[in-house]
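Asker: Take this structure, written in structure tokens, and hold onto it; I'll ask about it next.
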């Protein structure tokens, strides 16, 4: 028996973008009611700003997969997204990208499975 929301095999589950105290909501995108991370719950009014606090920190291009992905982007240690570098610092970015495609999410998963956390 499985627990929690699941997508079809091979697809990446999309979770809510909300965070509080750095904790990511573990409920599905567009869920009703309060946000939740383990036993911590919060409303939208108590959520962290969407802008990642890693924006503007120094960074370096991440290791690349054989095809060159992530193409010079750096891994943000705060939100674990690959973001562009501007002059050696992480570009301003949000903690998640609602426009990320399924293919992009699968590439990110492949990178983490190859290089680890």
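Asker: Counting each DSSP H run of 4 or more residues in the chain as -39500 (n - 2.57), what helix-only mean residue ellipticity at 222 nm follows after dividing by all residues, to the nearest 500 deg cm²/dmol?
Answerer: -4000 deg cm²/dmol
Asker: Classify the chain: rounded, prolate or oblate, from the alpha-carbon gyration tensor (a ≥ b ≥ c, eigenvalue square roots; a/c under 1.5 rounded; otherwise prolate if a/b is larger than b/c)?
Answerer: Oblate, since a/c reaches 1.5 and b/c is not below a/b.
Asker: Could I ask something else about it? Give me the extension gain from residue 39 to residue 67: residue separation times 0.36 nm, minus the current Cα-Cα distance, reported in nm with one decimal.
Answerer: Difference between extended and current length: 6.0 nm.
Asker: Among 40, 29, 89, determine the one that fluctuates most according to a GNM of the chain built with springs between C-alpha atoms less than 10 Å apart.
Answerer: Answer for the Gaussian network model of the chain: 40.
Asker: Now for a different question. Using a Förster radius of 30 Å, what is the FRET efficiency between residue 48 and residue 89 based on their Cβ-Cβ separation? Nearest 0.05, please.
Answerer: Details: r = 21 Å, r/R0 = 0.69.
Efficiency computed from Cβ-Cβ geometry: 0.90.
Asker: Here's a follow-up. Please work out the Kirkwood hydrodynamic radius for region 8-48, using every pair of different C-alpha atoms, and report it in angstroms with one decimal place.
Answerer: 10.7 Å is the Kirkwood radius here.
A short reminder: the numbers here are calculations on the coordinates, not readings from a lab. Note that the structure is predicted; figures quoted are calculated from it, not measured. Every residue, glycine as well, gets a Cβ built from its backbone with ideal geometry; the counts of neighbours run over all protein chains shown.
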